[in-house]
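> For reference, the structure I am asking about is given below.
Each value in this text was obtained by applying a stated rule to the coordinates, not by laboratory testing. From a predicted model like this one, the values you see are computed outputs, not experimental measurements. So basically every Cβ, Gly included, is an ideal-geometry build from the backbone, and we count neighbours across all protein chains shown.
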Amino acid sequence: VLSEFLGVAVHELLYLRNIYPVETFSACLYLGMQVHAVQHTELSSYIAEFIHVAAPSLCSGLADALCLLIVEEQQLKDHQEGQSNINTSEERVLERYIFEFDSALAASFHNECRKSGSNNTIFI
């Protein structure tokens, strides 16, 4: 459930903030609500892998927050006498979204699931 929620939240934030062109997304339903999902294969896979790594850490209490940064890459030119220009880049944070979790509560839930033998959680 946490993996699904985080995935929907990331996809929807990218859609609502116009980070990628509208054509990159398709409308779908999640819990009876219309949401948007990235259709670009590589981007969708990147988000899924990100969630796949983050969710277990959040559920086990190893992490207590997930941060989504929207960055802009800026090209910089260094001018040095006697040498050609050297191009470098720098990232500037445009937006920051933080999902905070009660790690003690998550760890407690995780331990209860293990005690009851429930080990059928699937992370997407």
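> Between residue 31 and residue 62, what FRET efficiency comes out of the Förster formula 1/(1 + (r/R0)^6) with R0 = 35 Å and r the beta carbon distance, rounded to 0.05? Provide the component values of the computation, followed by the final result.
Values: r = 27 Å, r/R0 = 0.78.
For residue 62 and residue 31, the calculated efficiency is 0.80.
> Compare the peptides 39-51, 19-31, 2-14 by average per-residue count of other Cβ atoms within 10 angstrom and give them in order, highest first. Present the calculation step by step, with values, prior to reporting the outcome.
On the way: 39-51: 13.7, 19-31: 11.4, 2-14: 18.2.
The packing order, highest mean first, is 2-14, 39-51, 19-31.
> Still on this structure, I have one more. Given an 8 Å cut-off on Cα distances and at least 6 residues of separation, report the relative contact order of segment 10-74 as a percent.
Numbers: 39 pairs, mean separation 14.7, N = 65.
This gives 23 percent for segment 10-74.
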